[in-house]
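Here is the structure we will look at.
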Amino acid sequence: MSTQHIVQTYLTSLRQTVSAPNATEHSYRPAIETLIKDLAQHLNRPLAHFTLEPGHVTAAGAPDAVLYGSTDRDLIGYLETKDLGKDLDHLSGHDLQQFNRYRAAFPNWVLTDYLDFRLYEDGQMTHQVMLCHRQQVTGTTSLGQIARQKADDLAAPFDRFLQLSTPQVAEAKSLARLLAHKARLLEGVLLRLLTNDHPNPQLSSQLEAYRRWLIPDLTPEQFADFYAQTLTYGLFFAAFENSQRTPPQPFTRANLLALLPAAVRPVRAIFQLLAAQFLPDELDWIIDDLMRLLEQADMGAIATQLGQSRDPTVHFYETFLSQYDPALREMRGVYYTPDEVGVTSSARWINCCASTSAKPMAWPRPT
């Protein structure tokens, strides 16, 4: 199947869909799924899975689709769609906020209104292809002519997109930056799940438990912030501990608890829910993204950069927080101090996550 035929088939599907009553942004999803799968086959790029997220997941902040390469652990990148013909140069409100979050957090993703395709790599737009305008799809313009003119132009950025994968990060500050941006994505998803018209019961019950046992006036915003930091940094802690083992264990949800010390009770409480798949489905995509990033990271090189005389997992939290929230880092005084201070490393960084106070805390168990 030629690229011209693939693109003409795609445009024809769009024309048929747009003429249907009550067509919405999601109505065009089957067409773009077929387009990408056909291009991947034509370009001989392995595509193990093209996962279109359900509506309740995308409403919580997830991108519309996740693409995996030769295996379901080989994350290629993400696809975010807007309504047919939407002006991508003048996004506003929620769309603009979402765009800024994705551009900061995803090393490889495509933004499209189904006609204008934009590939972003490490925060920069590297390719843009405009197939045509909406009026040409809804009108009588020859779709075959558009396909002849634009097919090869569209194939080039998708060829690039489909050969990319989760990067191997070997520099502490770069890893901290990526983790911080993904933690911000996670925070946004958590907050939406807590504050929408039908709050998620799993998270709501955990918020009430923390209010009952720890901080009576804890707000949903504070809880989402704490939860995102704890989950993200807990995953780093587990990945680092795993890298010190000979041989390392498979870095899976089922093995996470075994990689965490008993002292970090709030992290273990969350990870017990994670291992038992009791966390909301809306969090799966970002947790999987975090785990793949950490699994690929060169923890040996990162530990060397952080210094052999220091506890790397504690010192890295300073680096992480400087990227996640520099003002919070200053307020909490999160700077590395020698172990002679007498505070255990795991307690020190997790207490920083939870409060500005130095007062010891008792942590709620999952209910």
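Each reported figure results from applying straightforward, stated rules to the coordinates on display, with no laboratory input. For clarity, every value in this text was computed on a predicted model and none was experimentally measured. A quick note on method: Cβ atoms are made from the backbone with ideal geometry, for glycine too, and the neighbour counts reach across all protein chains shown.
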* **Spatially proximal aspartates and glutamates relative to LYS86 (Cα-Cα < 12 Å; intrachain offsets below 8 disregarded)** => GLU25, ASP95, ASP113, ASP116
* Structure fact -> By Cβ neighbour count within 10 Å, fewest first, GLU318, GLU221 rank GLU221, GLU318
* To do: First select every other residue whose beta carbon is under 14 angstrom from the beta carbon of LEU96; then total the charges, Lys and Arg +1, Asp and Glu -1.
  => 0
* CD proxy at 222 nm, helix term only [per DSSP H run n ≥ 4: -39500 (n - 2.57); per residue of the chain; nearest 500] -> -17000 deg cm²/dmol
* **Cβ-derived FRET efficiency at R0 41 Å, ASP217 paired with ASP298, nearest 0.05** => 0.45
* Asked: LYS37: which lysines have alpha carbons under 20 Å from its alpha carbon, excluding same-chain residues fewer than 8 sequence positions away?
  -> LYS82, LYS150
* To do: Report the local net charge at GLN136: Lys and Arg +1, Asp and Glu -1, summed over other residues whose C-beta lies under 12 Å from its C-beta.
  => +3
* Asked: Can you tell which of ALA254, THR313, LEU293 lies farthest toward the positive end of the dipole of the stretch 232-315, using +1 and -1 charges on the Cβ of basic and acidic side chains (Lys, Arg; Asp, Glu)?
  -> THR313
* Asked: With a Cα-only, solvent-free Debye model of the chain, what are the log10 I(q)/I(0) values at q = 0.13 Å⁻¹?
  -> -1.04
* Structure fact -> Applying the gyration tensor rule to the Cα atoms of the stretch 92-188 (axes a ≥ b ≥ c; rounded if a/c under 1.5, else prolate if a/b exceeds b/c, else oblate), the class is oblate
* Structure fact -> Helix 284-296 sits off the longest principal axis of the Cα atoms of the chain, rounded to the nearest 10 on a 0 to 90 degree scale, by 70
* To do: Report, in degrees rounded to the nearest 10, the 0 to 90 angle that the Cα long axis of helix 220-243 makes with the longest principal axis of the chain.
  => 80
* Fewest-first ranking of PHE320, PHE251, PHE278, using other Cβ atoms within 10 Å as the exposure measure -> PHE278, PHE251, PHE320
* Asked: Using 0.36 nm per residue, how much length does the chain from ALA23 to GLN97 gain when fully extended, once their Cα-Cα distance is taken away?
  -> 24.1 nm
* To do: Could you tell me whether the stretch 9-72 comes out rounded, prolate or oblate from its Cα gyration tensor? Rule is a ≥ b ≥ c as square roots of the eigenvalues, rounded for a/c under 1.5, then prolate if a/b exceeds b/c, otherwise oblate.
  => oblate
* Determine the sum of side-chain charges near HIS127: Lys and Arg each +1, Asp and Glu each -1, restricted to other residues whose C-beta is under 12 angstrom from that of HIS127. => -2
* Roughly how tilted is helix 312-324, in degrees to the nearest 10 and between 0 and 90, from the longest Cα axis of the chain? -> 50
* **Convex hull volume per residue for the stretch 1-120, taking Cα atoms only, in Å³** => 111
* To do: Fewest Cβ neighbours within 10 Å first, please rank PHE99, PHE226 accordingly.
  => PHE99, PHE226
* Among the lysines, select those whose C-alpha is under 19 Å from the C-alpha of LYS182, and discard any that sit fewer than 8 residues away in the same chain. => LYS173
